[in-house]
Amino acid sequence: MSDLATGSRRWWALGFIALAQFMVIMDTSIIGVALPRMRVDLGFSPGGLSWVFNAYVIALAGLLLLGGRLSDLLGARRVFGAGWVILAIGSVLAALAGTAGVELIGRVVQGAGSALIAPSALTLLMTVFGPRPGELGRALAIYGAAAPAGGTAGVFLGGVITQWLSWPWVFWLYVPIAAVAIVATPLLMPAAGRRRGSVDVTGAAAVTGGLALAVLAIVRAPQAGWGSPSTLAILAGAIVLLAGFVAVQRVRREPLVRLGIFRTRLLGPANLAQALLGAAWIPMWYFLNLYLQQVLGYGAFASGAALLPMTLLIVILMVAVAPRLIARLGAKPLIVGGLVALSAGLVWLSFARPTGTFLLDVLPASLLAALGQALAFIPSLGTAIGSARPEEGGLAAGLVNTSYQVGSALGLAAMTAVGVSFGADRIGHPAELTAGFSAAFLGAAGIAVLGAILVLLVFRTRRPVPAPDPQPTAAG
């Protein structure tokens, strides 16, 4: 195709890349407002309802590294287009589901498609804008804003759709968007030849299975008991699979993850920050949405609209403010400050009352949490990507996306267990529900504080990490 180096075409490409990130993350949140109705229609238990989220996120997180590897080998453009096809198929399955089992299968297929889209999109971004450092920061800011904005906007759109149509339409929405993306991909995205290499399917299966078992054990523990034989057996299986994944990566000639990449300065700390950021942020919007509907009595549309101010603040801060602060202060202060602000917002939310109001109990605390997310996300993302070698752009993209999604899945599973232990499953009892949600908010705040402490200890620089100068061999 014609060169993307000049003209507006590269900005159109960025628009579709940002849209991809927006849609991938929105798919984790758009079902939030619809969950109460899905529970009734499909027969989910209150504790099992989180699997509508977890089924998607586990498939996404477990297969992101495979998506990154395929992006490096087959070309990012091919993988990007294939991901949209698979996402559309999963969306149709989820929309047509008449039982909980079929719904979860659809969500898994959606997650698999997104696992191809996310790392290839980031590789395409670095290919188009990497040689232009002056534009790369702006492009990363727009891309970065698309993630949390997609997460929060999904709640609003889910509310609109659920209120005025029905919950299956939160999945039908993806079909026409995927069709447009499939057509636009060969027209806008840069192409390159294939590279020789093998794909570690065994490693991908091991990490996905290990993550699924870990989440299952955490979700079941409040009912079965943390020390019960079934919980311990599931946890043991998770440990075996994840340890097996690491062992396979050590001996394979062409592993899914070259373990030596973690010796790259700042890559590990940045991925750790992303993981803990997701582990604190995702439980916040999940339980905040349930608080609005199940305690304050908001309808689907009103619940989604109540979280819209967070979206607007995040977009403004990430696009207009965060890049300037990174240039002036460096990544570390922003990551630490953002995690602290997120924690403060979560603590504030933990004081929500069974007879609370939006203006006093929700709005100020949610805006403070959104401020923290906006400050911490861009510098940790940019550091993780900028630390990798150009030829491992797909792997770095897969790693940072995996870190955020694994953190999200494990954080939500853990906070669901905490919340249920304190009454978050007591539907129809506002006081008990609020106590459970408050416990989950406090637990998520603790995760954010832990993240701030660890970043202080392991992040060894205050200066921004320069962006790499990737070559087109990583895209296709």
Inset, instruction - Please find, among ILE447, ILE427, ILE453, the residue that is under 14 Å from PRO269 (Cβ atoms) and not assigned by TED's automatic domain parsing to the domain that holds LEU211. - result: ILE453
Inset, instruction - Mind listing just one residue for me: the one in segment 295-310 that is closer than 12 Å to ALA34 by Cα and more than 22 Å from the chain's Cα centre (by Cα) and, of those, surrounded by the fewest Cβ atoms within 10 Å (Cβ to Cβ)? - result: GLY299
Legend entry - Enumerated helices (runs of 4 or more DSSP H) restricted to segment 263-330, each holding at least 2 residues that are under 25 Å from ALA409 (Cβ atoms) and in contact with a helix residue (DSSP H, G or I) (Cβ under 8 Å, 6 or more places away or on another chain): 267-290, 300-306, 308-316
Inset, instruction - Could you tell me whether segment 377-385 includes any residue that is more than 22 Å from LEU125 (Cα to Cα) and in a helix (DSSP H, G or I)? - result: no
Inset, instruction - Would you check if there is a residue in segment 208-218 being out of contact with any helix residue (DSSP H, G or I) (no Cβ under 7 Å at 6 or more places or on another chain), assigned to a helix (DSSP H, G or I) and not aromatic (Phe, Trp, Tyr)? - result: no
Inset, instruction - Find the residue count for segment 345-366, including only residues that are in contact with a helix residue (DSSP H, G or I) (Cβ under 6 Å, 6 or more places away or on another chain) and without any contact (Cβ under 8 Å) to a residue 60 or more places away in the chain. - result: 2
Legend entry - Qualifying positions in segment 384-416 - modelled with pLDDT under 70 and polar (S, T, N, Q): SER387
Inset, instruction - Count, please, the residues in segment 253-293 that happen to be in contact with a Pro (Cβ under 9 Å, 6 or more places away or on another chain) and either of a type in the set (Asp, Glu) or farther than 30 Å from SER303 by Cβ (or both). - result: 1
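The values are calculated or read from the model by the stated rules, or taken from the named source; none is laboratory data. All values derive from a computational prediction rather than experimental measurement. Backbone-built Cβ (ideal geometry, glycine too); neighbour counts: all protein chains shown.
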